[in-house]
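So the structure is just underneath, and the comments pick up after that.
Taken together, the values in this text are just the output of simple stated rules run on the coordinates, not laboratory data. The model shown is predicted, which means the values in this text are computed figures rather than measured ones. When we count neighbours, we look across all protein chains shown, and the Cβ atoms used for this are built from the backbone with ideal geometry, even at glycine.
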Amino acid sequence: MTNRVVLIGHPVAHSFSGGMQQAAFDALDIDARYELWDRRTSELPDAIAELRGDDFLGANITIPHKEHVVPLVDKLTEEAQAIGAVNVISRDGKRLIGHNTDVAGFKAALDKLVGRQKMPRHAVVLGAGGAARAVVYALITEGFQRVVVFNRHLHRAEGMVRHFGRSAAHMDLRAMPWHESVLEAELAKGKILINCTSLGLAGETPIPAELLPPDLLVMDLIYNPPVSQLLKDAAAAGCTTASGEQMLLQQGAKSFELWTGKPAPLQVMQAELDRAREQGPRQLPIDMGSTALPPADSGAGSPAPLG
Ligand code: NAP
């Protein structure tokens, strides 16, 4: 039986995860196929229920479902519970376990971006979705002293700050309204800017170029396009920049290890990312599912965290 792993999101066609994971399965002679499932929020419960079938090793979860999927799994790791977002599902028999490997992926990417410089203590984060939650949690646990979150819908950023209230009690974590003057003032004080919005997938930028000071470290979690408009503007302003590719690689390696129990072939995965950056994502089976349904929230409660 060929095992299956799926990426569940909306959209999914832009993702490099499929090619990267398929290359890793093939390199280690693991009989598994990675599929892309394009699913709306209202279709998520059925998609997650399907993962209980014996042929599934697990799944990756991407935009916009990382938070919606939390009540749909049977157990959460302590980290996924603390963050309130899941990007990987593995199986323990029929039980589905929700993990968050974005935290470890982001920390590895942050270390690489900072390099030999001293780790900054003041960050500006754009976005308040599932990826932003992992990033903010990573910054809290890295010992940052001030993290300011801007989001198009302020209430979502405020909700995230409330969510982390206790774990961020020792520091200044706050949500601020997305006004250029407020952003500019915070960027002038901050040392690092992390774009966790999906704005940029289609060529836009979240911030006007003139607001970027030259000594800023700028990371855009987007990796396709490999150099987003934000990163182009930041490089032109003299900032040090990084795309989301390292984070993708590192979170993907952790995902692979959870599904297979084997060390991930990092070099193979990086080579596939290099290839995809040059030529675009490898063609994988894309199941678009239904596209006509409106988003719906699941009313279910959260599962217990793993011990
Ligand atoms: P999500 O939960 O859907 O959140 C999307 C975020 O983008 C929200 O903050 C949303 O603001 C904001 N946004 C969307 N459209 C916008 C617009 N037109 N103007 C302003 N803000 C907008 O998605 P996610 O899972 O957090 O992922 C976010 C991005 O990170 C995606 O591009 C994803 O590909 C990338 N990512 C990369 C990696 C990696 O390994 N490199 C890992 C995870 C995610 P509202 O709340 O106001 O709607």
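Structure notes:
- If only the Cβ of Lys and Arg carry +1 and only the Cβ of Asp and Glu carry -1, the dipole of the range 158-247 around its Cα centre is close to 360 debye.
- Magnitude of the charge dipole for the chain, about its Cα centre and with charges confined to Cβ atoms of Lys, Arg (+1) and Asp, Glu (-1), is about 700 debye.
- With the charge dipole of the range 1-122 set up from +1 on Lys and Arg Cβ and -1 on Asp and Glu Cβ about the Cα centre, the Cα lying farthest toward the positive end among the listed residues ASN3, HIS99, ALA13 is that of HIS99.
- Helix 245-260 and the longest principal axis of the Cα set of the chain meet at an angle near 30°.
- Normalised contact order of the chain, rounded percent, pairs of Cα under 8 Å and 6 or more residues apart: 24
- Straight-line cross-link reach from LYS112 at under 26 Å between alpha-carbon atoms covers these lysines, not counting any fewer than eight positions away in the same chain: LYS66, LYS189, LYS191, LYS232, LYS254, LYS262.
- Local net charge near ASP54, Cβ-Cβ under 14 Å (Lys/Arg +1, Asp/Glu -1): +1
- Angle in degrees between helix 102-114 and the longest Cα principal axis of the chain, rounded to the nearest 10: 40
- Cut-off 15 Å, label 7 Å out along Cα→Cβ of ARG156, residues of the range 1-30 by amide N: 10-11
- Modelled FRET efficiency - R0 22 Å, LEU201 with ILE286, Cβ distances, 0.05 increments: 0.85
- FRET efficiency for the pair ARG121 and MET1, taken as 1/(1 + (r/R0)^6) with r the Cβ-Cβ distance and R0 = 35 Å, rounds to 0.10.
- Of VAL70, THR41, LEU173, farthest towards positive along the dipole that unit charges on Lys, Arg, Asp, Glu beta carbons give the chain: LEU173
- Other residues lying with their Cβ under 13 Å from the Cβ of ASP74 contribute a combined charge of +4, Lys and Arg counting +1, Asp and Glu -1.
- If you take all other residues with their beta carbon under 13 Å from the beta carbon of PRO213, and give Lys and Arg +1 and Asp and Glu -1, the sum is -3.
- Taking the range 214-241 and a reference point 7 angstrom along Cα→Cβ of ILE63, the backbone N atoms nearer than 17 Å belong to 219-232.
- Anisotropy class assigned to the range 84-184 is oblate, per the alpha carbon gyration tensor with a/c at or over the 1.5 cut-off and a/b no larger than b/c.
- Label point distance in nm, ASP215-SER42, each placed 7 Å from Cα along Cα→Cβ: 5.3
- For the range 103-245, with +1 on Lys and Arg beta carbons and -1 on Asp and Glu, the positive-most of ALA109, GLN145, THR205 along the dipole: GLN145
- Extension gain, ASP74 to ALA271: 0.36 nm times the residue separation minus the Cα-Cα distance gives 67.4 nm.
- Amide N proximity, the range 135-163 versus LYS189 label position 7 Å along Cα-to-Cβ, cut-off under 15 Å: 145-150
- A protection proxy built from the mean count of other Cβ atoms within 10 Å ranks the segments 25-31, 214-220, most packed first, as 214-220, 25-31.
- Cβ crowding within 10 Å averaged over residues, with 174-185, 253-264 ranked highest first: 253-264, 174-185
- Stretchable slack from ALA13 to ASP92, in nm (0.36 nm times residue separation minus alpha-carbon distance): 25.6 nm
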